[in-house]
Amino acid sequence: MAPALIAPGLTLTTALYETAAAGVDAYATDRTPLSWEQFTAPMSWWLIPDGSGRLSKSELTLTEGRDRTVKINFWHAPGIRGTDGPLPHSHPWPFESRILAGGYSEDRYLLVDDQVHAETGREHRQGSANTVDRDLYHEVTELHSAPGATVTLILCGHGEQGTWGYLDPATGILTPPQRDALFPERLRALNPHR
């Protein structure tokens, strides 16, 4: 199969497809197998910017619902959101990240009895799984492969809107997400195919 250019920064190859399809077959057994046509459908992909507008990850949502969401992510850069130090975030759903190729390092934080407990430099390599509960705050701090070569299958559980945010590790202060007025413009710039 010929490589498929989805958008600048995202070219899908047979090798990436085979990696993603094998992950879906192994870990998302309740859904139909991933087809090349579904994998290369441009309107199914979102290229996600970081805070400065650079490509952070490419995301293909295979199943989306309140109780279960399944996504494939290609990581192009670490997920660092703070500019003056760590700014770990939580998620509105628990999830398991299956590392299908490459890997990453992550810093994890828990707030227990108003005390921040940190675990930094936790490594997740190909073949491993990273479980993230809703009360965990984290940041992906380093990729273990070239941009776009770390591939994860994200299996999300039941989500609740408005139940995520940021943790200041130095103070233990929780902050709800703030609307970034420039995000829609940055998202459009990376997704001319949509």
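Okay, here's what the table says:
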item	result
Of all accessible heavy-atom area on the chain, the percent that carbon and sulfur account for (1.4 Å)	52
Amide H partners (placed H, <5 Å) of Gly102, local residues excluded	Gln126, Val151
Highest-first arrangement of 109-117, 13-21, 134-142, 93-101, where packing means the average Cβ count within 10 Å	93-101, 134-142, 13-21, 109-117
Calculated Cα extents along the principal axes in Å (choose from [x] 53, 35, 32; [y] 43, 40, 26; [z] 49, 31, 29), label	[x]
Rounded, prolate or oblate (a/c below 1.5 giving rounded, otherwise prolate when a/b exceeds b/c) for the stretch 63-164 by Cα gyration tensor	oblate
Proximal charge balance of Thr61 [Cβ under 15 Å; K/R count +1, D/E count -1]	+3
From phi via Karplus (6.51, -1.76, 1.60), per-residue ³J(HN,Hα) for the stretch 171-188 in Hz, x at Gly/Pro	10, x, 7, 9, 10, x, x, 10, 5, 8, 4, 8, 4, x, 5, 5, 5, 4
Residues of the stretch 23-107: accessible area per residue with a 1.4 Å probe, Å²	44
Probe 1.4 Å, all protein chains present, accessible-area order of Thr61, Thr40, largest first	Thr61, Thr40
Between the stretch 152-194 and the stretch 88-136, the Cα center-to-center distance that results, in Å	15
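The values are calculated or read from the model by the stated rules, or taken from the named source; none is laboratory data. Computed from a prediction, not measured in an experiment: that's the story for all the values here. Note that we place each Cβ from the backbone using ideal geometry, even for glycine, and neighbour counts take in every protein chain shown. Please note that ligands, DNA and RNA were not included when accessible areas were found on the heavy atoms of the full protein model with its side chains. Shrake-Rupley method; radii C 1.70, N 1.55, O 1.52, S 1.80 Å.
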